[in-house]
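Below: the structure, in structure tokens.
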Amino acid sequence: MFDSLDEESKKSQITLIIIWSAMVMALFVYLFVCYMILEMNTMTFMKTPEFLNEAFIAGLSYKFIAYLSTIFIFIIAQINSKKMYNKNVEQTKNENIVDINEEFKFFRTRYTTSMFISLAIYESIAIIGIIIFLTTGDIITFTTFVFITFLGFITVAPTKNRLNYKKEFIN
């Protein structure tokens, strides 16, 4: 399918990959900045990392609640991503557009929107990690949350396989 696309459609694919890559790089910038804050000792934290182990609700620690929230957010993002992708494929299929480039533009527009929605949901995991870091200075928990966010980003990456919605038409 990709060989038959015009130059504009191919460039739009590359642009989408570049934007996704920039969002991934932002995760590493978060890590770098937080690491530098910790190394340069430029910030006084309100709590110590041990605070996260204190009981919060029903005897569950703050850290456990944070990880539970992260798992919940990750699952919601996964379900949302798959649902929107399948909906986009179905809408494209039902549109009955003759020109392959117009059909790809139709799909790409919807795919881009759904990808950014999913990325925003995954990004909230990193934001929880940033809040934990800025409150306690716990770089390990923050790094774990950034890694989980990165795994989520990978699941919605604009790969050729995901952009090749035509294979879904056969099913």
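What follows is calculated from the coordinates using simple rules that are stated; it is not laboratory data. Just so you know, these numbers come straight off a predicted model, no measurement behind them.
Some points to look at:
- Global geometry of region 16-70, whether rounded, prolate or oblate, following the gyration tensor of its Cα atoms and the 1.5 cut on a/c: oblate
- Put simply, the amide H of Ser61, placed in the peptide plane, has neighbours under 5 Å in Phe56, leaving out anything fewer than 5 places away on its chain.
- Whole-Hz couplings from phi, Karplus 6.51/-1.76/1.60, listed for region 22-30; x for Gly and Pro: 5, 5, 5, 4, 4, 4, 6, 5, 3
- Rounded if a/c under 1.5, otherwise prolate or oblate - region 1-155, Cα gyration tensor axes: oblate
- The chain, helix-only ellipticity at 222 nm - DSSP H runs n ≥ 4, -39,500 (n - 2.57), divided by all residues, nearest 500: -26500 deg cm²/dmol
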